[in-house]
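K.L.:
Just dropping this structure here.
Read-outs throughout are calculated quantities, based only on the coordinates presented, and are distinct from any laboratory measurement. Since this is a predicted model, take the numbers as computed values, not measurements. Cβ: placed from backbone, ideal geometry, glycine included. Neighbour counts: every protein chain shown.
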Amino acid sequence: MEIRTLDREEINDALNLVREVFLSDPNLIRSPEGISSFMSFVKDQGPGLCWLGAYDGDLCGALGYDDTYHIALFFVRKEKQKQGVGSALLKVLCEEAEHAGYARISVNAAEKAQPVYEHLGFTAADDVQEKDGIRYIPMEIFLQRKYLGKTVTVTVDRPYGSFHPTFADIRYLCNYGYVEEILASDGEFQDAYVYGPEEALESFTGTVIAVIIRRDDTESKWVVAKDTNYERQAVIDAVGFQEQFFDTHILWLEN
């Protein structure tokens, strides 16, 4: 099976696959309003998405996503379901997203599709929602676990005790900077907090003990420390001066 990015001409094949699979499952969305709004979305928004296609001779699966790696359309032909096609598509998307510096992939899963997404590794991010006749569950999968435990050097550009360059009422209660080896989703170097030292530093070498993923922002923040024997609440308190303004999920290095 081949997984590859679809070109403009091939996207029409993907949209036709989506319509075919959707219409073959009348229980996926039951309300007439929901069916109508879904088909309108496919027609109006589908061509503007980025697409991955799975080929086993012919196109057998398609995954459409936007520039924040939110999955908008994800369908596999009925006769190819439960054969690893969806897992293969998601694996390539995760690799692409992580390479681009993203730490989270999201999807609004139809209620009936929740078990499928759970099997793929997604977890629910909220309760059931409804919009335009479609009931769905916001779900997410987290990336960047591979960086936990990695030794990195943080170049500090906002030292302990300094103030935020834009928001003057935010004072840095830990050193904050970037890791030059890794590019983040904004095209800049990966941001990182230095946990522990309560004095202004210019640089710091330590271990990534946490990855902070912001659901309402595309960037992630790392927490770097000398000691991997830490208390989670103490770390949360240390970075809370800034992270309190975001909806976050934290991946932890086990200690």
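K.L.:
Here are some pairs, 80/150; 43/131; 82/131; 146/226; 80/146; which of them have Cα atoms lying more than 27 Å apart in this structure?
P.N.:
80/150; 82/131; 80/146
K.L.:
To the nearest 20 debye, what charge dipole does region 2-142 have about its Cα centre, counting +1 at the Cβ of each Lys and Arg and -1 at the Cβ of each Asp and Glu?
P.N.:
Magnitude of the dipole: close to 340 debye.
K.L.:
Restricting to bridges with both residues inside the chain, how much of the DSSP beta-bridge set is antiparallel, in percent to the nearest 5?
P.N.:
Of those bridges, close to 90 percent are antiparallel.
K.L.:
What are the principal axis extents of the Cα atoms in the chain, in Å, biggest first?
P.N.:
Sorted from largest, the Cα extents of the chain read 62, 36, 33 Å.
K.L.:
For the chain, with only Lys/Arg (+1) and Asp/Glu (-1) charged at the beta-carbon, what is the dipole magnitude about the Cα centre, in debye rounded to 20?
P.N.:
680
K.L.:
Any idea how far the Cα center of region 72-119 sits from the one of region 131-190, in Å?
P.N.:
Centre-to-centre distance over Cα atoms comes out at 25 Å.
K.L.:
Less than 14 Å Cβ to Cβ from residue 202, Lys/Arg counted +1 and Asp/Glu -1: what total charge do the surrounding residues give?
P.N.:
Charge balance near residue 202 sits at -2.
K.L.:
While we're here: For residue 110, enumerate residues with amide H under 5 Å from its amide H, sequence gap 5+ or separate chain, H modeled in the peptide plane.
P.N.:
Residues meeting the criterion, in which the H sits 1.01 Å from N, are 137.
K.L.:
Under the rule of -39500 (n - 2.57) per DSSP H run of 4 or more residues, summed and divided by the residues of the chain, what mean residue ellipticity at 222 nm is obtained, to the nearest 500 deg cm²/dmol?
P.N.:
When only DSSP H runs of four or more count, the value is -7500 deg cm²/dmol.
K.L.:
For the chain, modelled as a Gaussian network with Cα springs under 10 Å, which listed residue fluctuates most, 140, 231, 188?
P.N.:
Judging by the Gaussian network model, the answer is 231.
K.L.:
Still on this structure, please answer the following. Springs between alpha-carbon pairs under 10 angstrom, Gaussian network model over the chain: which of 66, 127, 191 fluctuates most?
P.N.:
The residue with the greatest mean-square fluctuation here is 127.
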